[in-house]
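> Mind having a look at this structure? Questions to follow.
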C-alpha cells in the first residue's frame with residue numbers, strides 16, 4: 001500500500017539554525033512528492049514538489065527538499081530558520097491508482113527566537 | 001487570499017441541526033475537493049468532483065452530503081452530526097485531470113466546525 005510518514009510530531013529549532021522536517025514514503029511506481037505548509041487559521045499552501053529531475057528541489061520561502069530514492073525519503077530543509085517559519089508542515093505522495101494525494105499527519109515546526 | 005474562498009469560517013451546530021459549508025473558486029480549476037483535518041491525523045479526503053467523475057471516500061458517513069452545481073462552487077451539506085465530526089473542513093481545487101490533477105492543489109482557509 002502506498003503511504004507517507006512524518007515521524008516527528010514536532011520539531012523545535014532556534015532562529016538562524018538549519019532546519020529539517022522528515023518525510024518517508026512508500027509507492028509502487030515513481031514517486032510524485034509534495035510539501036505543503038499551513039499557518040494558523042489558514043488552509044494549506046503549496047511549497048514544492050518533486051516529479052523528476054534533480055534530487056534537490058527548491059521551493060517557496062527559501063525551503064528546499066532532497067529526494068533520496070534509496071532511503072525513500074523527501075526531507076524538507078532550510079539553511080537558516082526564521083520565527084515566521086513556525087507552522088504545520090505536510091508531506092504528501094501521489095497515489096498511482098487514482099492520482100489523489102496521500103497525506104502525512106503533519107509536523108509542527110516551532111522556531112524559537 | 002488563495003483564490004479558494006470558504007464560508008463560514010467558524011460554525012457551531014447542534015446534533016439535530018442542518019447546515020451547509022460553501023466553497024468557491026475563481027481559478028478556472030476543474031476539480032474540487034473536501035478534506036477533513038483533525039489534530040495530529042493525516043488529511044482525510046472526503047469527496048472529489050472533477051469533469052470526469054465524483055469520487056467518494058466510502059468511509060465518509062452519509063450525514064455528509066456533497067453538492068457541486070458547477071465547476072466553481074462546492075457545498076458540503078451537514079445533518080445530524082456527531083461531536084466527533086468536529087474538525088477543520090478544507091476545500092481545495094486543482095487544474096487538470098488524471099496525472100495533471102495532482103500537480104498542486106490550492107486550498108481555502110477552512111471552516112472550523114464544532115458539533116455540540
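No value in this document is a laboratory result; all are computed from the given coordinates. Since the model is a prediction, treat every value here as computed from it, not as a measurement. Reconstructed Cβ throughout: ideal geometry from the backbone, glycine too, with neighbour counts over all protein chains shown.
> On each of the three principal axes of the Cα atoms of chain B, give max minus min coordinate, whole Å, ordered largest first.
39, 30, 30
> Within 10 Å of each Cβ of A:30-37, how many other protein chain Cβ atoms are there on average? Mind showing how you got there, number by number?
Details: counts 0, 0, 3, 0, 4, 0, 4, 0.
For peptide A:30-37, the averaged partner shielding equals 1.
> Rg and Dmax of region A:28-100, Cα atoms, in Å?
Rg then Dmax for region A:28-100, in Å: 12.9, 39.
> Just tell me how shielded A:90-98 is by partners: mean number of partner chain Cβ atoms within 10 Å of each residue's Cβ, no decimals.
Values: counts 3, 1, 4, 1, 4, 2, 2, 0, 7.
Shielding by partners across A:90-98 averages 3.
> While we're on this one: When Cβ neighbours within 10 Å are restricted to other protein chains, what is their mean count per residue of peptide B:33-45? Working shown, then result.
Numbers: counts 2, 0, 4, 0, 7, 1, 3, 6, 3, 12, 11, 1, 6.
Average neighbour count from other chains, rounded to a whole number: 4.
> When chain A is modelled as a GNM with alpha-carbon springs shorter than 10 Å, which of A:65, A:14, A:81 fluctuates the most?
Looking only at A:65, A:14, A:81, the largest GNM fluctuation is found for A:14.
> Give me the tail of P(r) for region A:60-103 as a percent: Cα-Cα pairs with distance above 12 Å. Numbers along the way, then the final one.
Details: 680 of 946 pairs.
Roughly 72 percent, once rounded to a whole number.
> Quote the convex hull volume per residue of the protein assembly as shown, based on C-alpha atoms, as a whole number of Å³. Please list the in-between numbers first.
Working: hull volume 28.2 nm³, N = 229.
Roughly 123 Å³ of hull volume per residue.
> In whole angstrom, how far apart do the alpha carbon centroids of region B:1-73 and region A:83-113 sit?
Answer, in whole Å: 20.
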